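A short write-up of the structure that comes next.
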Amino acid sequence: MTNEPTTTDAQPNGQSPSTGDQSPEQRAANRANAQHSTGPRTEAGKQRSALNATRHGLTGQTIVLPSDDLDAYQERVRKFFADYQPRGESEKQLVQTLADTAWRLSRIVALENNLLTLGTLEHEDSIDTDDPRVRTALAMAKAYREQSHVIANLGMHEQRLNRVFEKALKQIRELQAQRHSVEKEQLQNAAIIMEMHKDEGLPYDPAKDGFVLSPAEIETCIERNHTLSKARVASFWRR
C-alpha cells in the first residue's frame, strides 16, 4: 500500500479537490501543513518576526532596535556611503561597519543621558531645598551614584566601539588609497595609449587593453594633462 501525497494538484478551474475526495490521512496532513503556514502565533514569535525588518543584508546582526528610528539609521548609512563612495565588497563592508558602529556609539550617549535624566526626576522630590538648580544638581548626583556601575559599563562598550570604528576607518583609508593609486596609474597609461592611437588616426577601445575606463574619462585625463603641461611652462617663464 502506497502513502497518499500530502499536497493536492490544482483543478482546471483553479480550485483544490473537494475534501470528500481525500482520504482521512490526506486531510490530516493538509491541516498540519496549514498550521505551519499561518505565520507566528505567539507574541514572542510575532516580535521575532518583526525584528526581521531591522536586519541589514551584510552581517545579519540586529543593528536597529525596535525603539530606534529605522529611517534615521538608513539615512546615517546613506551618508556614510555617500562620503566614502566604496567600491567592491570589502570597501562596502568596512563602510557599513563604520555606519553601524557610529549608530551604536550614538545610542550609548543617549542611554547615558536617559539614565541620568530618569534618575534625576526620581530623586528631585527627596532633596530638601528651595533652589531648583541645587535640587537638580543633587538629584543628578544621587542618580549618578546609583547608576555608576551601569555608566561604567557603557563607557567600556564605548571604548570597544571606538576601537572598532578606528580600525575600520584605517582599513577603508588604506584600501581606497591603494585603489586610487592603481586607478590613477591605469588612467595615465590609458591616456598615453589613446594619444598614440590619435596620432596614428586610429580608434581606441580601452577595454581591449584591460582598462575598465570609458573613453570620456580618458579624454578628460588627456585634456587635464595638456592643461597642466601648459601651466608648468607658463610658471617656468614667469620666474
Legend entry - Checking L138 against (1) closer than 30 Å to V64 by Cα; (2) at pLDDT below 85, the condition it does not meet: (1)
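Scanning for something more than 30 Å from P86 (Cβ to Cβ), without any contact (Cβ under 8 Å) to a residue 24 or more places away in the chain and part of a loop (DSSP other than H, G, I, E, B), does the stretch 119-127 turn up at least one residue? Explain how you work it out, then say what you get.
Our first condition is that a residue be more than 30 Å from P86 (Cβ to Cβ); within the stretch 119-127, this holds for 119-127.
From the residues that got through so far, the ones that are without any contact (Cβ under 8 Å) to a residue 24 or more places away in the chain too are 120-127.
Retained after the next criterion (residues that are part of a loop (DSSP other than H, G, I, E, B)): 127.
Yes, the stretch 119-127 has at least one match.
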Inset, instruction - Run A190 past the list (1) surrounded by fewer than 16 Cβ atoms within 10 Å (Cβ to Cβ); (2) within 30 Å of G210 (Cβ to Cβ); (3) in contact (Cβ under 8 Å) with a residue 12 or more places away in the chain and report the number of the one that doesn't hold. - result: (1)
Inset, instruction - Look through E223, E219, E183, E195 and report the one residue that is at pLDDT 90 or above and more than 28 Å from Q85 (Cα to Cα). - result: E195
Legend entry - Sole exception among (1) charged (D, E, K, R); (2) at pLDDT below 85; (3) surrounded by 14 or more Cβ atoms within 10 Å (Cβ to Cβ) for E158, by number: (2)
Legend entry - Looking only at the stretch 139-155, and only at residues there that are free of Cβ contacts under 8 Å to residues at least 12 places away in the same chain and more than 21 Å from I63 (Cα to Cα), the one that is most open to solvent (accessible area, probe 1.4 Å): R145
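Within the stretch 166-187, count every residue that is open to solvent by 50 Å² or more (accessible area, probe 1.4 Å), touching a helix residue (DSSP H, G or I) at 6+ places or on another chain (Cβ under 7 Å) and more than 30 Å from P215 (Cα to Cα).
So in the stretch 166-187, the residues open to solvent by 50 Å² or more (accessible area, probe 1.4 Å) come out as 166-167, 170-171, 173-175, 177-178, 180-186.
Within this subset, residues satisfying the condition of being touching a helix residue (DSSP H, G or I) at 6+ places or on another chain (Cβ under 7 Å) are 171, 175.
Filter again for more than 30 Å from P215 (Cα to Cα), leaving 171.
The number of residues fulfilling the criteria is 1.
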Legend entry - Flag if R133 is at pLDDT 90 or above and open to solvent by 80 Å² or more (accessible area, probe 1.4 Å): no
Inset, instruction - Name the one entry in L105, L94, L116 that is within 26 Å of V150 (Cα to Cα), at pLDDT 80 or above, surrounded by 12 or more Cβ atoms within 10 Å (Cβ to Cβ) and out of contact with any Asp or Glu (no Cβ under 6 Å at 6 or more places or on another chain). - result: L105
Inset, instruction - Provide a single number: the residues in the stretch 72-116 that are assigned to a helix (DSSP H, G or I), among the polar types (S, T, N, Q) and without any contact (Cβ under 8 Å) to a residue 12 or more places away in the chain. - result: 4
Inset, instruction - Determine, yes or no, whether H157 is in a helix (DSSP H, G or I) and closer than 30 Å to W103 by Cβ. - result: yes
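The values are calculated or read from the model by the stated rules, or taken from the named source; none is laboratory data. Keep in mind that this is a model prediction, so the values were computed, not measured. Here Cβ is always computed from backbone atoms with ideal geometry, including for glycine, and neighbour counts include all displayed protein chains. Areas reflect the complete protein model, heavy atoms only, side chains present, ligands, DNA and RNA absent. Shrake-Rupley method; radii C 1.70, N 1.55, O 1.52, S 1.80 Å.
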